[in-house]
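The values are calculated or read from the model by the stated rules, or taken from the named source; none is laboratory data. The shown structure was predicted, so the numbers you read here are calculated from the model rather than taken from an experiment. Methodologically, a virtual Cβ is constructed for each residue, glycine included, from the backbone with ideal geometry; neighbour enumeration extends over all protein chains shown. Accessible surface is based on the protein model in full, side chains and every heavy atom, while ligands, DNA and RNA are left aside. Shrake-Rupley method; radii C 1.70, N 1.55, O 1.52, S 1.80 Å.
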Amino acid sequence: MDLRSLDKEYWSAEMQKTLFVENTAVFLADYEPSRVLTADGRKYHKPIIAKPATGTYVPYTDVTPQVLTSSDQELEVDQFKYAFVEVDDTDRKQNFYDAAAFAAMAMQKELNNLIEQHYLSQVTSALNVVDAGSVGGVPGTPIALDLTNAVQVFTAAHTKLDMQDAPFAERYAVVGAHTVGVLRQTKGNRETPLGDTVLANGIIGPWQGWTVIQNNNLPYSASLEMATNPTAGDTVTIAGVTFTYRAVPALAGEIDIGADAAATRVLTVNAINGSATGKNSATGYFEISAENRFVLSEKRKVVAVDNIAGTQIDITGFGDIVVAETFTAAGNVWSNQLQLSVFMVRGAIDLAVQMPANVEIQRKEKGFADYIKSLEMFKAKAFDDGARVLVKVSINASSWS
């Protein structure tokens with residue numbers, strides 16, 4: 001044994017800091033379903049009664065009464081999410097760090113994050129859409145937001161709601177950090193200065209008649225074209241997590257180059273999703289670090305799917321996600337990077353949180369450990385009346401960095 005083995009080593013007094021998403025948008029929900037379903041029940045019904053029709057009256061003639069009809073829409077609580085960890089008494093005594101307390105805090109934050117992501121994803125039910133066609137571009141394509149069209153986007157969203165006779169009060173725009181960056185630079189802001197700080201509820205101030213809320217849980221999607229098999233050393237990056245293609249993978253984040261592009265796409269999907277198939281195998285992929293897996297699969301909820309009908313991988317997730325690649329093949333590129341901003345009258349989306357994410361601690365029956373667990377039950381929905389005062393704004397995320 002040489003003298004180097006006697007060198008001192010020190011451990012940090014704190015565990016590595018983990019950044020969780022601040023939930024800033026769920027306060028906009030209509031919580032009536034939560035109040036109704038707090039004690040019990042599975043479904044919340046909202047009746048829709050037909051409106052009276054008008055007609056022209058002819059003097060001295062009979063009029064025919066209208067028989068009113070009704071229909072029903074329902075919200076069913078069917079989202080059941082949990083977290084469950086075990087901390088042994090030996091670890092509690094011999095470890096310097098309070099893993100149990102950290103786990104309890106983390107699971108509450110992660111479960112609450114799922115509620116907000118589910119809530120904001122209801123924007124896909126919006127009756128109103130603002131895209132590039134609304135600001136002088138190509139209809140059906142996302143908006144490349146910049147200083148020249150930012151005001152137009154907010155005006156177009158107003159117009160969509162005005163056409164529905166929506167109330168002028170409590171109009172909110174839930175947007176991502178990149179969009180907020182553009183708004184702060186826009187010289188067209190003559191109404192009132194946008195705040196330089198973000199409050200605890202995400203509000204950064206009024207702008208163009210909207211209360212702007214910064215949020216990092218907005219729906220995101222993109223496609224990775226991979227018609228040509230990668231070359232060793234090529235990389236793909238999603239939300240700061242990098243995967244590298246190798247002839248023989250051996251390190252974290254490395255993916256095997258398959259027999260052809262189709263085979264490699266399957267391996268890539270497995271690596272992004274953290275699938276058990278091919279995990280930590282030289283013919284599959286090697287798992288990324290625990291922190292990177294948390295970012296990708298828990299915080300951003302990135303899910304990859306091999307587009308069988310084409311030659312690309314489609315991903316979905318939440319937040320201001322930045323993607324990149326260093327493929328040798330020029331045709332292997334990212335495309336269709338899209339984020340959906342949510343413009344609404346407050347209460348447009350109903351939310352039932354039937355069981356909040358409260359943490360339970362129980363002793364292990366056959367052993368010496370604590371079970372730390374939490375379960376939540378929830379469901380969000382934009383009913384027809386809410387969809388009328390909800391605007392889906394498609395933002396092009398291809399230039400984000």
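Assorted remarks:
- The lysines within cross-link reach of K279, meaning a Cα-to-Cα straight distance under 29 Å and a gap of 8 or more places when in the same chain, are K17, K81, K109, K299, K301, K373.
- Counting only alpha carbon atoms, the long axis of helix 99-120 and the longest principal axis of the chain meet at about 30°.
- Using a Förster distance of 56 Å, the FRET efficiency for V58-A144 (Cβ separation, nearest 0.05): 0.45
- Crossing angle, helix 150-163 versus the chain [Cα axis fit, 0-90 degrees, rounded to tens]: 50 degrees
- The chain: C-alpha pair distances exceeding 36 Å, %: 40 percent
- Cα-based equivalent ellipsoid of the stretch 1-151: semi-axis lengths in Å, sorted from largest, via gyration tensor: 58, 28, 10
- Relative counts (whole %) of C-alpha pair distances in the stretch 321-375, using bins that are 10 Å wide: 15, 18, 16, 20, 24, 6
- Spacing of the modelled spin labels on R184 and F80, each 7 Å from Cα toward Cβ, amounts to 4.4 nm.
- Folded to 0 to 90 degrees: helix 261-273 orientation relative to the chain principal axis, Cα: 90 degrees
- For the stretch 350-401, the calculated P(r) over all alpha carbon pairs, in 10 Å bins from 0 to the bin holding the longest distance, is 18, 21, 21, 21, 13, 5 percent.
- Rounded FRET efficiency, nearest 0.05, which uses the C-beta distance separating E360 from K43 and R0 of 35 Å: 0.85
- Scoring 290-298, 58-66, 383-391 by mean Cβ neighbours within 10 Å over their residues and listing the highest first yields 383-391, 290-298, 58-66.
- Extension gain for the segment K51 to V67, taken as residue separation times 0.36 nm less the Cα-Cα distance, is 4.7 nm to one decimal.
- K43, K93, K17, K379, ranked by accessible area, largest first (probe 1.4 Å): K93, K17, K43, K379
- Protein heavy-atom surface of the chain, 1.4 angstrom probe: 55% of the accessible area is carbon and sulfur, with nucleic acids and ligands not counted.
- Taking amide H as placed 1.01 Å from N in the peptide plane, V130 has its amide H under 5 Å from the amide H of K392, V393, S394, each at least 5 places away in sequence or on another chain.
- Computed extension length for A106-R346: 83.5 nm, one decimal, from 0.36 nm per residue of separation with the Cα-Cα distance subtracted.
- Distance between the 7 Å Cα→Cβ label points at S5 and I308: 5.7 nm.
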